[in-house]
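Notes to accompany the following structure.
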């Protein structure tokens, strides 16, 4: 591709040779090409007229035909040698001009020095195999105070330019490094954040190998607090998409062969972890991990009502979505804890007062029915009976007496739902939007637009137990001084006591009795079964407290909450509550 009239600069100090002299390297005899940005040398000269049949530095006569066919051994050696010499010497424009894709080659070769931090490189060609030339790379990589040698092998191929007949190097990112693929570049820099050594509230180490559900939690903590815990980030060379912003840090991902997936190629300095003490409790976490392992897709959170400290976070599929902290699911009848408190605060219900529980209730053009396990009616029953039996129509019947935003206000102002919790990790703190008509009625029983997760529902039980919302958190406030969310209001004292009475009766004689049977102490609970579109079964939900421990769990597409989610919560409360 190089026109025969073009002069090639050799190294950084080579002078023009006589017009009948060609520049070449004999490949296969250990000739080395050494260079660095701003300096370098290459001085293997050889007359090649016998093979080329003409002057390499002057245009062929117009009558000379353009050469065709694969380049010969000398042409291959010369093209490879010239290219390696220019690359090693830091003459990237010259080297790029010797390839079949000047723009791509220039980007790649410049990036090799600028983005990968290669300050010195020695390129040693090996014995050619036809038109392919292997070569070894001995480089030096520098990033700040970190300097490390880097040696590896690569290869190039020489072809003939169809227009000029001149030999040229086929450009491919793997020339720079054999692990580099199309659309990628090399980067050298610090990892995204110093690693952390997470500790539980007692100082015990929380190893994600031992507690697999904590792997994404600890990764999140590293992103947020790695630089504040006294650790030090590592320095590495890695591959990344060429269009990735240069400000991005390398993320720790397992090496694989997929294009675009970051892969570590060289470690200049190892990271040093800092230490971060969390509110988690290793013993509670272990029980929670064992509990969720019993049901596919299960998620569970346990926390302390008196402080809001999160004691355990468990997901049965830890490598998947963190449902325990970030799920956005309808919680079904567990939401009746919030709804009941609202009705009692507004004077629309009381445990010992009569409360309708018909089999059918029409509202907003829909007819609601107690179906499945709830296919019943309570004649002349009380609100306590409706709550403990989880009668849907008893709550739907109250919709006509409510304003559209009543439940939203109660959830936010009393239970802290949607107040942008500063837990120390990424969490979804629930949503109870203002709705009207049928959707508002559905929200009273945890359907419609209501969205929760085990964290928010564990907090609901904790608030019911203590009577006061205390923002859940996994990193102590004292660590970084962040502002916790506070609820504007508290339940009326009578309401708080009545709500505990309702939950405790549900645990003794209601829908939660099977799961809570045999537990001693102050135990309250509420079951839930949430309908999800496209599922054959409902999602199972369960929230409860025992002493100064509250927990909530969900299991997808399985059935009734008391039967499937309740036993998971019971395991945690039985081992650590009381």
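Residues in region 149-169: is at least one closer than 21 Å to residue 233 by Cα, surrounded by fewer than 17 Cβ atoms within 10 Å (Cβ to Cβ) and in the same structural domain as residue 117 (by TED's automatic domain parsing)? Reasoning before the result, please.
So in region 149-169, the residues closer than 21 Å to residue 233 by Cα come out as 149-150.
If we keep only those that are surrounded by fewer than 17 Cβ atoms within 10 Å (Cβ to Cβ) too, we end up with 149.
Checking the rest, the ones that are also in the same structural domain as residue 117 (by TED's automatic domain parsing) come to 149.
Checked region 149-169: at least one residue is closer than 21 Å to residue 233 by Cα, surrounded by fewer than 17 Cβ atoms within 10 Å (Cβ to Cβ) and in the same structural domain as residue 117 (by TED's automatic domain parsing).
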Checklist line | Residue list for region 96-107, restricted to those being surrounded by fewer than 24 Cβ atoms within 10 Å (Cβ to Cβ) and part of a helix (DSSP H, G or I) | finding: 96, 97, 102, 103, 104, 106, 107
Check: Which condition number in (1) within 30 Å of residue 77 (Cα to Cα); (2) assigned by TED's automatic domain parsing to the domain that holds residue 76 is the one that residue 239 fails?
Finding: (2)
Note to self: If residue 386 meets every condition in (1) touching a helix residue (DSSP H, G or I) at 6+ places or on another chain (Cβ under 6 Å); (2) closer than 17 Å to residue 437 by Cα; (3) not in a loop (DSSP other than H, G, I, E, B) apart from one, which number is that one?
What the structure shows: (2)
Checklist line | Pairs with Cβ under 9 Å, 6+ apart, first in region 508-521 and in contact (Cβ under 8 Å) with a residue 60 or more places away in the chain, second crowded, with 23+ Cβ neighbours inside 10 Å and part of a loop (DSSP other than H, G, I, E, B) | finding: 510/390; 511/390; 511/560
Next item on the list: Kindly indicate whether any position in region 349-366 is over 30 Å from residue 199 (Cβ atoms) and in a helix (DSSP H, G or I).
Entry: no
Item checked: Only one of 563, 504, 536 that is modelled with pLDDT under 95 and not in a strand (DSSP E or B) -> 536
Check: Tally time: how many residues in region 41-88 are modelled with pLDDT of 90 or more and not in a loop (DSSP other than H, G, I, E, B)?
Finding: 16
Margin query: For region 289-324: of the residues being over 22 Å from the mean Cα position of the chain (by Cα) and assigned to a helix (DSSP H, G or I), which is surrounded by the most Cβ atoms within 10 Å (Cβ to Cβ)?
Written below: 291
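Yes/no matrix, rows are residues, columns are (1) in a strand (DSSP E or B); (2) within 27 Å of residue 270 (Cα to Cα); (3) free of Cβ contacts under 8 Å to residues at least 60 places away in the same chain:
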site: 124; (1), (2), (3): yes, no, no
site: 134; (1), (2), (3): yes, no, yes
site: 137; (1), (2), (3): yes, yes, yes
site: 147; (1), (2), (3): yes, yes, no
site: 156; (1), (2), (3): yes, no, no
site: 164; (1), (2), (3): no, no, no
Notebook entry, point to check: Can you tell me how many residues in region 144-190 are in contact with a helix residue (DSSP H, G or I) (Cβ under 9 Å, 6 or more places away or on another chain) and more than 25 Å from residue 129 (Cβ to Cβ)?
Noted result: 5
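The values are calculated or read from the model by the stated rules, or taken from the named source; none is laboratory data. Since this is a predicted model, take the numbers as computed values, not measurements. In this analysis, Cβ positions are derived from the backbone assuming ideal geometry, glycine residues included, and neighbour counts consider all displayed protein chains.
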